[in-house]
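One structure below.
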Amino acid sequence: MTNYSGSLSMSGTLTDSLGDSATLSGTLGVTLRATFSSASGGVASDTLYGWIDVQYQDATGATSSNSIPLNLSLPNTAFQSGNFTISENDTAVLQGLNVGVTLQGTVSADTTQFTENLSLLISGTYQGITFDGTITSSGTLVAAAPLIIGTMANRPVAVGSSLSPFGNVAVIDPKGGQTETLTVTLSAAANGTLTNLAGGTYNATTGNYTVTGSAAAVTSALDGLVFTPAAKASSPNTTTGFTINVFDTAFTFASDTTTSVIVAPTGFSIQDTTTGTPSAGAETPYAGLVTGLSWQYITVTPDSINLTVTAPNAFLHTGSGNDAIDVSRSNGNNVLDGGTGSNFLVGGTGNDTFFVDDRGPASDTWSTVVNFHAGDAATIWGVTPSDFALSWVAGQGAAGYTGLTLHATASGLPTASLTLAGFASADLTNGRLIVTYGTTPMTGGVPGSSYMLIQGH
């Protein structure tokens, strides 16, 4: 059984026995259900729904209008492609207007669409006056294809790990009662393997997975698939794409190429300069709310950390030590937050965001930003001109990286300082730097946070 649906425009006239006329127009919705015994015929029934607007003008020239609702359930009819006539005295009553409808037309049928040319022969009465007329319409009714929803791009997976890239994906078939054949094909078979096949089959040579069943069954199988990157594919930022195809027994088809997985690099370079040893911990898939990020490294250690990143689109937060974060080798769009202490933050060629958090720190914070450019932004959280004295000083900072420096001070509070290496006081007025203030929205009853935003232009 296959459902075909469409919306057809109608027009026509009614004429009564006194010569008065009414112009009809409207939209006719058609749902056709068919079971095929061959590619050119089967058993079908039509449901007509919609409305007809009647603009009526009587012999005196007076006009009035009514809307005729139509909701006809027409009987099953055996047919092959060709002419047919279905008659039904279905009556729609609105303000005394009674309508009987006879459907005539031609059908050109295959397994994916019907082309219908319809004539609705209208007869009825209005306030005792008999009407007759014809409404003609034509159009193509198309079988509803399956839907693939919930796919996500750039799903991150750490080196040596696995993930279920289709965990939120669903296959929906509006027709119902179909047997679906679902395939998943890797963009490069050598990039990894699919396991947990749930009754399906996987060809490791071609990177192709196949499973058959109802829409619910193939959805369950798809959601449970596990992708494990191959060792040779675990070079920095290897991306594997997946093509999902669904075919049903009504010969309709859906395809989606959104899903992709990014394999982490072999590891961020993380050095604990307090102890002189590599730091414990590693990057993990990003789990925050900022769109476009793939990786995160978050630590609250009081030790000083030297963090060099080779994967783009990362959220990086260090603790209260004197830290260095460098994304110039990864580029992409990153968020760099050195925490408190004295920090050295090096941006890349993408649009990076640098955080300085002055919401209750235990000590002064001074961050130096290198490679700040158009498209970058620096956010100083908790700072407003009404609560802090804001001063800009040129030429401050570490030797070789001096620049325009902001000091945000308030009585009894630690000072937050930010140096933009290479910038000068004139950049505050010549358009290179734009300063604004704002407050984030309240979330879950928690008040938002005020901030100062410095944007590069």
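Key figures
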quantity: Which listed residue, of Ala398, Ala394, is in contact (Cβ under 8 Å) with a residue 12 or more places away in the chain, touching a helix residue (DSSP H, G or I) at 6+ places or on another chain (Cβ under 7 Å) and farther than 14 Å from Leu453 by Cα; calculated: Ala394
quantity: Condition check for Phe242: within 28 Å of Gly167 (Cβ to Cβ) and modelled with pLDDT under 80; calculated: no
quantity: Any hit, the stretch 274-287, residues being acidic (Asp, Glu) and under 20 Å from Ser162 (Cα atoms); calculated: yes
quantity: Residue in the stretch 266-283 that is farther than 24 Å from Asp427 by Cβ, aliphatic (A, V, I, L, M) and surrounded by 17 or more Cβ atoms within 10 Å (Cβ to Cβ) present; calculated: yes
quantity: Any strands (runs of 3 or more DSSP E) falling wholly within the stretch 317-363 and containing at least 3 residues that are within 16 Å of Tyr401 (Cβ to Cβ); calculated: 324-326, 341-346
quantity: Counted residues, the stretch 254-272 - those being modelled with pLDDT of 85 or more, farther than 22 Å from Thr193 by Cα and either assigned to a loop (DSSP other than H, G, I, E, B) or under 18 Å from the mean Cα position of the chain (by Cα) (or both); calculated: 1
quantity: Single residue of Val393, Val383 found to be in the same structural domain as Asn306 (by TED's automatic domain parsing), hydrophobic (A, V, I, L, M, F, W, C) and touching an Asp or Glu at 6+ places or on another chain (Cβ under 8 Å); calculated: Val383
quantity: Any chance Gly445 is surrounded by fewer than 16 Cβ atoms within 10 Å (Cβ to Cβ) and over 23 Å from Asp326 (Cβ atoms); calculated: yes
quantity: Unmet requirement for Ile298, which otherwise passes all of (1) closer than 30 Å to Asn322 by Cβ; (2) at pLDDT below 90; (3) not assigned by TED's automatic domain parsing to the domain that holds Ser162; calculated: (2)
quantity: Residue satisfying condition, being assigned by TED's automatic domain parsing to the domain that holds His317 and either crowded, with 19+ Cβ neighbours inside 10 Å or touching a residue at least 40 places away in the same chain (Cβ under 8 Å) (or both), within set Thr436, Thr365, Thr440, Thr429; calculated: Thr365
quantity: Test: Pro414 is surrounded by 14 or more Cβ atoms within 10 Å (Cβ to Cβ) and either part of a loop (DSSP other than H, G, I, E, B) or in contact with a Gly (Cβ under 8 Å, 6 or more places away or on another chain) (or both); calculated: yes
quantity: Where Thr379 falls short, out of the listed (1) at pLDDT below 95; (2) under 18 Å from Gly360 (Cβ atoms); calculated: (1)
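Results for (1) surrounded by fewer than 18 Cβ atoms within 10 Å (Cβ to Cβ); (2) among the β-branched types (Val, Ile, Thr); (3) modelled with pLDDT under 95, shown as yes or no for each residue.
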site: Ala158; (1), (2), (3): no, no, yes
site: Asn168; (1), (2), (3): yes, no, yes
site: Thr195; (1), (2), (3): yes, yes, no
site: Gly200; (1), (2), (3): no, no, no
site: Tyr209; (1), (2), (3): no, no, no
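The values are calculated or read from the model by the stated rules, or taken from the named source; none is laboratory data. Every value quoted in this text rests on a predicted model; they were computed, and no experiment measured them. Cβ: placed from backbone, ideal geometry, glycine included. Neighbour counts: every protein chain shown.
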